[in-house]
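Readers should treat all values here as calculations from the given coordinates under stated rules, not as data from a laboratory. Remember, it's a predicted structure, so these values are computed and weren't measured experimentally. Cβ coordinates were reconstructed from backbone atoms using ideal geometry, including for glycine residues, and neighbour counts include every protein chain displayed.
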Amino acid sequence: TSEQAEFDLARSQGGITIHKLINKAETPEALFEMATTGSKKVCLIEMTNRIGKEIGKSTRWGMMQDLERFNVETVTGAKVVRITETGLEIEKDGKINALDFDTVVVAAGAVSYNPLAQIAQKLDIDYRVAGDALKVGTAFDSVHGGYEAAVSI
């Protein structure tokens, strides 16, 4: 082809112009999309009915923009019940659905767990509950709640 001949001639003379190298290459828009979306399809499974409901409005807005920009699929109101050889099984609206994925990344949240409060209550022991035992939250919330519990004793 004439492009191959031009390439060979430029190479034999010791130089290749950039515009000849990118002839028939991807468009800048396509290259940008490939660079910013990566090679994997990403799906975010969220147990609650809203993505990022515990974060501030402006932080959430920016995060949601990023999810859209990077073509991240989201599924809300769903619970992962099993990791399988081919992906995940999720429960949504009372139904189990199988989703195929090459890679699974687990970013698990926390659930409040506080069996001692019931024991203390039954034994009529004065107690305070703080941190994730009271309500799953941020590290700041836990430290602040612990401080408030300590000064109230």
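Please give me, ordered by residue number, the GluC sites (Glu not before Pro) of segment 38-79 that lie in loop per DSSP and have at most 13 other Cβ atoms within 10 Å.
When the GluC sites (Glu not before Pro) of segment 38-79 are filtered for loop state and at most 13 Cβ neighbours within 10 Å, 54 remain.
With a sphere of radius 10 Å drawn around the Cβ of residue 101, what net charge do the other residues whose Cβ falls strictly inside it have (Lys, Arg +1; Asp, Glu -1)?
0
Past 24 Å, Cα to Cα: identify those pairs from 57/135; 57/95; 41/79, in the order given.
Check vs 24 Å cut-off fails for 57/95.
How high is the FRET efficiency from residue 35 to residue 104, r the C-beta distance, R0 30 Å, rounded to 0.05?
Plugging the Cβ-Cβ distance into 1/(1 + (r/R0)^6) gives 0.80.
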